[in-house]
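Here's the structure we're looking at; comments come further down.
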Amino acid sequence: MAKTTIDLTKMLSAGEGLRLSERVGMMPNLASERTRTLKGRIAHAKPVVSLCPYCAVGCSTLAYVSDEGKLLDVEGNPDSPISGGHLCPKGSAIFGLTVNDQRWTTVKYRAPYSDRYEERPLAWALERIAQRVKETREQTFVKSSDGKRVNHTLGIASLGGATFGVEENYLLGKLMHSLGVVSIENQARI
């Protein structure tokens, strides 16, 4: 069987049977039917403006979510005056952190001196945290010092997240002050 060779250079210079788009390398007629039906994975996704959870800079992100509520991708928001659509390596890894089969999504508890974690219900964990806060406050609460009323505890400290907004930090501050906590840092920058 004889090989058929085509001299593309000659065809392109003469324009034989080729449209302009084909002459410049955009040959849609060479794509398979499957290739023509392919769509980007975020083509029909709804972009939701969000915030990077890592540091105090507060870079804006676009989280692309499907109609079913599934996270499809996260990228920098080009409308952000802070980052202009760019994310650092940690911010670029948000999607991998969120959609990860190795990520724990339930409460894990490791008892003192134990070598393994046990799965516990969320209600149990919240109750345990509340009990531990109450016990610590009762053990370390100081009503007065040198004859002056202080009503505080130095046994509890609060560190809020960098991406907490004004409202969240206000509520966290109110809660901590009501407990008598004086060591409060909210790291708020937004």
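Remarks
- Spin-label model distance (nm) - D73 vs S92, 7 Å beyond Cα toward Cβ: 1.5 nm
- Only Lys, Arg (+1) and Asp, Glu (-1) charged, at Cβ; segment 87-190 dipole about Cα centre in debye: 180 debye
- Computed label-point distance, nm, for sites V182 and A43 using a 7 Å Cα→Cβ extension: 6.3 nm
- Net lengthening on full extension, R36/S114 (0.36 nm per residue, minus Cα-Cα): 22.4 nm
- In this structure the amide hydrogen of S83, modeled in the peptide plane, comes within under 5 Å of the amide hydrogens of S60, none closer than 5 places in sequence on its chain.
- Annotation: aspartates and glutamates with alpha-carbon distance below 15 angstrom to K46 (same-chain offsets under eight excluded): D67, E68, D73, E75.
- For V181, residues with placed amide H under 5 Å, excluding near neighbours: T153
- Note on segment 46-98: semi-axes of the ellipsoid equivalent to its C-alpha gyration tensor, largest first and rounded to whole Å, are 18, 12, 8.
- Projecting the Cα atoms of L159, S145, Y170 onto the charge dipole of segment 129-185 (Cβ charges, centred on the Cα centre) puts S145 farthest toward the positive pole.
- Each peptide among 141-151, 89-99 gets the average number of other Cβ atoms lying within 10 Å of its residues, and from highest to lowest they stand as 89-99, 141-151.
- Here's how it looks for D73: its modeled amide H is under 5 Å from those of Y64, which are all 5 or more places away or on a different chain.
- Gyration tensor (alpha-carbon) shape descriptor, segment 116-186, a/c threshold 1.5: oblate
Every read-out reported here was derived from the displayed coordinates using simple, explicitly stated rules and does not represent laboratory data. Since we're looking at a predicted model, the values are computed, not measured. Please note: Cβ atoms are built from the backbone with ideal geometry, for glycine as well, and neighbour counts cover all protein chains shown.
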